[in-house]
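Engineer: One structure, pasted below without further comment.
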Amino acid sequence: MQNLLFAATPTSPEVNFDFERHTLSLRGESYPENAAMFYGEVIARLREYLGACTSASVTVNVALTYFNSSSTKMLFSMFDALNEAAQNGNRIVLNWFHDVDDETMLEFGQELHADFDAFEFVSHATTNG
Amino acid sequence: MTNAATDVDYQAFFDIARKHKVIFYYVGYFSQNIIAAMSDAVRLQLTASGIDGVKRRKLFSSFVEMAQNIIHYSSDSLTAESQDNNQLRHGSVCISLVDGQYRLMCSNPVDNSRVDHLRETLEPLRHMTLEEIKHAYKETLRAETPEHSKGAGLGFLTMARDASAPLEYSFLPIGADSGSAMFFLTAII
């Protein structure tokens, strides 16, 4: 399956889904004009990939410094897909990078943790602003 | 040659802005590129002002929600209603300092038909505690996206969560036959 790579723009994150290596990364800022459109393709490809995974070990790295409300909604459905895949017998680790004093990110991470308990959630507090 | 009248007018505008401690103001058409550039300007201002990271993030977040509301919902549009990206719509945003707090304001025209819906969405938020707002946020996050919403129904909740006082809003009639009202929204952070 072909990897998915979108370069970052000022208002959308870098998407680097290396399906071959089972490593999926999102990095940057996320407030595209139309989050449903931006994430639509990302989530469709993710679901396609996860559907074909059996007993895979998948690492997901999310290092978003900011995401707007509509991106939040899309991220939530992305994590929903990951959770399903974890319930289906895959091992999924989500590395959640957030700034040490970013309450909102931390709380959102905790929300994810509470809702989606099938994957492993690892919170990383960073200090580079 | 200088034009004295223009100088005086601009001086007056400049003085009012200074008196009200306006640190950012934009009125005109909003595009996604313009929002990205404004976000840069606002971030730079906030960083230079030495404001703490928590407040800076809340301000930035509410600023983006306001700017994107304009791009999604202003009834003064240069692009077709059906177009779902690269829109150009008119409005204004303003950030000023009031009694040591930041005040974010935005305005854009809305069709009269949307006024009741906006009121029904915003008014309950004004009477909720922070805990209730967070709870409503969580529920909305898990719910289906409402019809007609281009965001996720989370925008106002995000602002209400970040604000330190209830959101304020008002509608002013624009002209007898315009079919629109000017929508104003204020968040104190």
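The numbers here are math on the coordinates, done by the rules we state, and not lab data. Since this is a predicted model, take the numbers as computed values, not measurements. Glycine also receives a Cβ, built like all others from the backbone with ideal geometry; neighbour counts cover every protein chain displayed.
Engineer: When the C-alpha atoms of the protein assembly as shown are aligned to their principal axes, what extent does each axis show, in angstrom, from largest down?
Structural biologist: Taking max minus min along each principal axis of the Cα atoms, the protein assembly as shown gives 75, 44, 43 Å.
Engineer: Quick one: order A:73, B:138 by neighbouring beta-carbon count within 10 Å, fewest to most.
Structural biologist: Starting with the residue having the fewest Cβ neighbours, the order is B:138, A:73.
Engineer: Looking at the range B:1-138, how many pairs of lysines come closer than 30 Å at the Cα, when each pair is eight or more places apart or spans two chains?
Structural biologist: 8
Engineer: Taking R0 as 35 Å, what's the FRET efficiency between residue A:44 and residue B:18 from their Cβ-Cβ distance, rounded to 0.05?
Structural biologist: 0.10
Engineer: For chain B, calculate the relative contact order in percent as a whole number, restricting contacts to Cα pairs under 8 Å that are 6 or more residues apart.
Structural biologist: Once normalised by length, the contact order is 23 percent.
Engineer: Distance from the Cα centre of the range B:171-189 to that of the range B:63-97, in angstrom?
Structural biologist: 14
Engineer: Moving on to the next point. Find, to one decimal place in angstroms, the Kirkwood hydrodynamic radius of the range B:9-188, where the mean of 1/r is taken over every pair of different Cα atoms and then inverted.
Structural biologist: Value: 17.2 Å, from the Cα pair sum.
Engineer: Here's a follow-up. In whole Å, what is the distance between the alpha-carbon centres of the range A:41-58 and the range A:92-129?
Structural biologist: 21
Engineer: If you wrap a convex hull around the C-alpha atoms of the range B:105-144 and split its volume per residue, what is the figure in Å³?
Structural biologist: That works out to 103 Å³ per residue.
Engineer: A further question follows. Could you work out the percent of alpha carbon pairs in chain A separated by over 18 Å, rounded to a whole number?
Structural biologist: It works out to 50 percent of all Cα pairs.
Engineer: Next question, about the same structure. Please state the Cα pair-distance histogram of the range B:1-109 with 10 angstrom bins from zero: what percent is in each bin?
Structural biologist: 13, 39, 30, 16, 2
Engineer: Only counting other Cβ atoms within 10 Å, I'd like B:156, A:116 sorted with the fewest neighbours first.
Structural biologist: Lowest count first: A:116, B:156.
Engineer: Hey, in the GNM for chain B with a 10 angstrom Cα cutoff, which one of B:30, B:13, B:63 fluctuates hardest?
Structural biologist: B:13
Engineer: Just to be sure I understand the rule: take each whole DSSP H helix in chain B, project its Cα atoms onto its long axis, keep it if the span is 27 Å or more and its mean Kyte-Doolittle hydropathy is at least -1.0. Which ones pass?
Structural biologist: B:53-73
Engineer: As a test, work out the antiparallel percent of DSSP beta bridges whose residues both lie in the protein assembly as shown, rounded to the nearest 5.
Structural biologist: Percentage antiparallel, nearest 5: 65.
Engineer: Let me ask you something else. Assuming R0 = 22 Å, can you tell me the calculated FRET efficiency for the pair residue B:144 and residue B:168, based on Cβ-Cβ distance, to the nearest 0.05?
Structural biologist: Efficiency at R0 = 22 Å is approximately 0.15.
Engineer: Same structure again: Is there a simple number for the mean count of other chain Cβ atoms within 10 Å of the Cβ of residues in A:67-78, and what is it?
Structural biologist: That average works out to 6.
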